[in-house]
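Trainee: Quick one: the structure is below, and I'll ask about it shortly.
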Amino acid sequence: DAKTTQPPSMDCAEGRAANLPCNHSTISGNEYVYWYRQIHSQGPQYIIHGLKNNETNEMASLIITEDRKSSTLILPHATLRDTAVYYCIVRPPGMDSSYKLIFGSGTRLLVRP
Amino acid sequence: DAGVIQSPRHEVTEMGQEVTLRCKPISGHNSLFWYRQTMMRGLELLIYFNNNVPIDDSGMPEDRFSAKMPNASFSTLKIQPSEPRDSAVYFCASTLAGGRLFFGPGTRLTVL
C-alpha cells in the first residue's frame with residue numbers, strides 16, 4: 001500500500017509557483033521521498049528525490065520538513081506543460097526484495113492559462 | 001540514448017489469444033520493472049528483475065501472466081490466455097540503481 005497522502009487535485013495559474021504537498025507521517029529513517037509525474041498518455045517521469053535535506057534540480061525543488069513527516073514539491077514557474085498527475089512515493093534504499101516503487105493515486109495538477 | 005523501448009505501442013486482440021509485450025531497457029541498466037495501469041487500480045508493479053533475475057513477482061495477477069528476461073537487453077511479458085480485464089497500459093521501466101526509474105512509452109492493450 002502507498003505510504004503517502006496527497007490531495008487529489010490542485011490548480012495554479014501559468015507562471016506562478018505550484019506547491020504540491022505530500023504527507024508521509026509513517027516514513028522510516030532510511031526511506032527516501034521520491035516525486036514522479038505522469039503527463040497524459042506518457043510513462044511516469046522522475047522529478048526529484050531526497051532524504052532529509054532540501055533538494056533542487058532543473059525541474060523542481062523538494063522541501064522536506066525537519067521531522068520528515070511531510071514534504072512539498074515546488075514548481076517555481078508552472079507552465080501549461082506541467083499539467084500532469086504528480087506522485088509522491090517513499091521507498092527504502094537499495095535494491096533488495098523490499099524495494100518497491102509503489103504509486104498511489106497522486107495529485108492531478110491543472111495549470112491554467 | 002533512445003530510452004526504454006516498448007513494442008508494440010498498441011495491441012488489440014481477442015479474448016483467449018496469447019499476447020506478448022516486449023521491452024528493451026536502457027543500455028547499462030541492471031534492473032527492469034513491469035507495471036500495469038488502469039483507471040480503476042492505477043499503476044501496479046507486476047514484477048521486477050535485477051541482473052536478469054526475477055526478484056519479486058508478487059504483483060503478477062495470476063498464472064496467465066509470465067515474464068522473462070533472457071538477457072540484459074530484452075524482456076517479455078506474456079499473457080496466455082488473455083481476458084478483457086487484462087486491458088490496460090503496460091509500462092516497462094529500467095534503472096541502474098536506486099529509485100530513479102526510466103519508463104518507456106507503454107503498450108496499450110485492448111482485449112475484446
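Trainee: So for chain A, averaging the separation of alpha carbon pairs under 8 Å that are six or more residues apart and normalising by length, what relative contact order in percent results? Please report the intermediate quantities before stating the final value.
Mentor: Working: 276 pairs, mean separation 41.3, N = 113.
The value is 37 percent.
Trainee: Then there is this: Check each of the trypsin sites (Lys or Arg not before Pro) in region B:1-107 and keep only those in coil by DSSP with at most 16 other C-beta atoms within 10 angstrom; list them in order. Mind dumping the intermediate values first?
Mentor: Values: sites: B:Arg9, B:Arg22, B:Arg36, B:Arg41, B:Arg64, B:Lys68, B:Lys78, B:Arg85, B:Arg100; in loops: B:Arg9, B:Arg41, B:Arg64, B:Arg100.
Those satisfying the criteria are B:Arg9, B:Arg41, B:Arg64, B:Arg100.
Trainee: Considering only A:Gly94, A:Gly15, A:Gly50, give the residue with the highest GNM mean-square fluctuation for chain A, with springs between Cα atoms whenever their separation is below 10 Å.
Mentor: Taking springs between Cα atoms under 10 Å, the residue moving most is A:Gly94.
Trainee: Roughly what % antiparallel, to the nearest 5, for the DSSP beta bridges in region B:7-112? All intermediate terms of the calculation are to be shown ahead of the outcome.
Mentor: Details: 34 of 38 bridges.
Among the beta bridges of region B:7-112, antiparallel pairing accounts for roughly 90 percent.
Trainee: Can I ask one more? From the residues A:Leu73, A:Gly106, A:Ile47, which one has its Cα farthest along the dipole of chain A in the positive direction, the dipole being from +1 and -1 charges on Cβ of Lys/Arg and Asp/Glu about the Cα centre?
Mentor: Farthest along the dipole direction, towards plus: A:Gly106.
Trainee: Which of the GluC sites (Glu not before Pro) across region B:16-88 are loop residues per DSSP, with 10 or fewer other Cβ within 10 Å?
Mentor: Qualifying residues, ordered by number: B:Glu62.
Trainee: Under 13 Å from the Cβ of B:Leu32, count the other residues' Cβ atoms, weight Lys and Arg +1, Asp and Glu -1, and hand me the total. Working shown, then result.
Mentor: On the way: positive: B:Arg22, B:Lys24, B:Lys68; negative: B:Asp56, B:Asp57.
Taking every other residue near B:Leu32 into account, the sum is +1.
Trainee: I would also like to ask the following. With each label point set 7 Å from Cα along the Cα-Cβ vector, what nm distance links B:Gln17 and A:Leu51?
Mentor: Output for this residue pair reads 5.0 nm.
Trainee: Same structure again: Quick one: net charge of B:Leu112's neighbours, Cβ under 13 Å, K/R +1, D/E -1? Intermediate results must be reported in sequence, preceding the final value.
Mentor: Values: positive: B:Arg85; negative: B:Glu11, B:Glu14, B:Glu83, B:Asp86.
Value of the local net charge: -3.
Trainee: Among A:Cys12, A:Cys88, B:Cys23, what is the fewest-to-most ranking by other Cβ atoms within 10 Å? Please report the intermediate quantities before stating the final value.
Mentor: Values: A:Cys12 18, A:Cys88 28, B:Cys23 25.
If I rank by nearby Cβ atoms, fewest first, I get A:Cys12, B:Cys23, A:Cys88.
Trainee: Within the protein assembly as shown, how many lysine pairs that are 8 or more places apart, or on different chains, have C-alpha atoms less than 19 Å apart? Walk me through the intermediate numbers first.
Mentor: Numbers: A:Lys3/A:Lys52; A:Lys3/A:Lys69; A:Lys3/A:Lys100; A:Lys52/A:Lys69; A:Lys100/B:Lys68; B:Lys24/B:Lys68; B:Lys24/B:Lys78; B:Lys68/B:Lys78.
Total qualifying Lys-Lys pairs in the protein assembly as shown comes to 8.
Trainee: Taking only C-alpha pairs under 8 Å that are 6+ residues apart, what is the relative contact order of chain B in percent? Provide the component values of the computation, followed by the final result.
Mentor: Values: 282 pairs, mean separation 41.9, N = 112.
Relative contact order of chain B: 37 percent.
Trainee: Now for a different question. What FRET efficiency, computed as 1/(1 + (r/R0)^6) with R0 = 30 Å and r the Cβ-Cβ distance, is obtained for B:Asn52 and B:Arg9, rounded to the nearest 0.05? Provide the component values of the computation, followed by the final result.
Mentor: Numbers: r = 25 Å, r/R0 = 0.82.
For B:Asn52 and B:Arg9, the calculated efficiency is 0.75.
Trainee: Within a Cβ distance under 14 Å of B:Pro81, other residues only, what is the Lys/Arg minus Asp/Glu net charge?
Mentor: Values: positive: B:Arg64, B:Lys78, B:Arg85; negative: B:Glu14, B:Glu18, B:Glu62, B:Asp63, B:Glu83, B:Asp86.
Net charge in that neighbourhood comes out at -3.
None of the figures in this text is laboratory data; all of them are computed from the coordinates on show. Note that this is a predicted model, so its numbers are computed, not measured. With ideal geometry, Cβ positions are generated from the backbone for all residues, glycine too; neighbour counts draw on all protein chains shown.
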